[in-house]
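**Q** One structure, pasted below without further comment.
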Amino acid sequence: MEPMVVDKPMASVDILPTLSNLLGLEYDSRLMVGKDVFSDNEPLVIFLNRSFITKDIMYNSKTKEVIQLSDRVLSDEQLQYLKDKVESTFYLSKRIIELKYYKFLEMPQ
């Protein structure tokens with residue numbers, strides 16, 4: 001296997017889908033919180049306090065501070081989209097637990 005360098009933000013939840021892909025394991029990416037870091041997905045690392053990091057910015061939800069990590073400046077609408085995405089991730093995660101969603105999935109034998 002050729003060595004690869006990851007130069008975008010990633011979180012611990014990204015390890016399982018990344019390793020699954022590298023090892024050629026079949027998995028349903030819709031059922032995993034993390035993303036394969038070698039995919040074309042835009043990175044979004046979310047913290048418990050709803051702060052987050054993308055390839056372009058770090059956002060501190062407590063101070064509302066945006067720190068630029070690249071030359072690409074996000075518009076107010078783009079920043080709001082990311083904030084909404086973070087909120088929906090927390091909401092959906094909570095609902096998955098409350099509704100015991102995974103209990104109803106049929107897993108291949």
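**Q** Considering only region 67-87, state which residues are of a type in the set (S, T, N, Q) and under 16 Å from Pro43 (Cα atoms).
**A** Across region 67-87, the qualifying residues are Gln68, Ser70, Gln78.
**Q** If a residue must be touching a residue at least 40 places away in the same chain (Cβ under 8 Å) and within 25 Å of Tyr101 (Cβ to Cβ), how many such residues does region 27-76 contain?
**A** Total meeting the criteria: 5.
**Q** Criterion first (crowded, with 16+ Cβ neighbours inside 10 Å, modelled with pLDDT of 90 or more and not hydroxyl-bearing (Ser, Thr, Tyr)) does Phe47 satisfy it?
**A** Considered against the rule, which asks whether it is crowded, with 16+ Cβ neighbours inside 10 Å, modelled with pLDDT of 90 or more and not hydroxyl-bearing (Ser, Thr, Tyr), Phe47 comes out as no.
**Q** Kindly check whether there is at least one residue in region 77-84 that is farther than 29 Å from Asp7 by Cβ and of a type in the set (D, E, K, R).
**A** Among the residues of region 77-84, not one is farther than 29 Å from Asp7 by Cβ and of a type in the set (D, E, K, R), which makes the answer no.
**Q** Here's another thing I want to ask about it. Return the residues of region 86-102 that are free of Cβ contacts under 8 Å to residues at least 24 places away in the same chain and either surrounded by 11 or more Cβ atoms within 10 Å (Cβ to Cβ) or in a helix (DSSP H, G or I) (or both); say none if nothing qualifies.
**A** Ser88, Tyr91, Leu92, Lys94, Arg95, Ile96, Ile97, Glu98, Tyr101
**Q** Provide a single number: the residues in region 14-40 that are surrounded by fewer than 14 Cβ atoms within 10 Å (Cβ to Cβ) and either among the polar types (S, T, N, Q) or outside any loop (DSSP other than H, G, I, E, B) (or both).
**A** 7
The values are calculated or read from the model by the stated rules, or taken from the named source; none is laboratory data. If you're wondering where the values come from, they're calculated on a predicted model, not measured in any experiment. Reconstructed Cβ throughout: ideal geometry from the backbone, glycine too, with neighbour counts over all protein chains shown.
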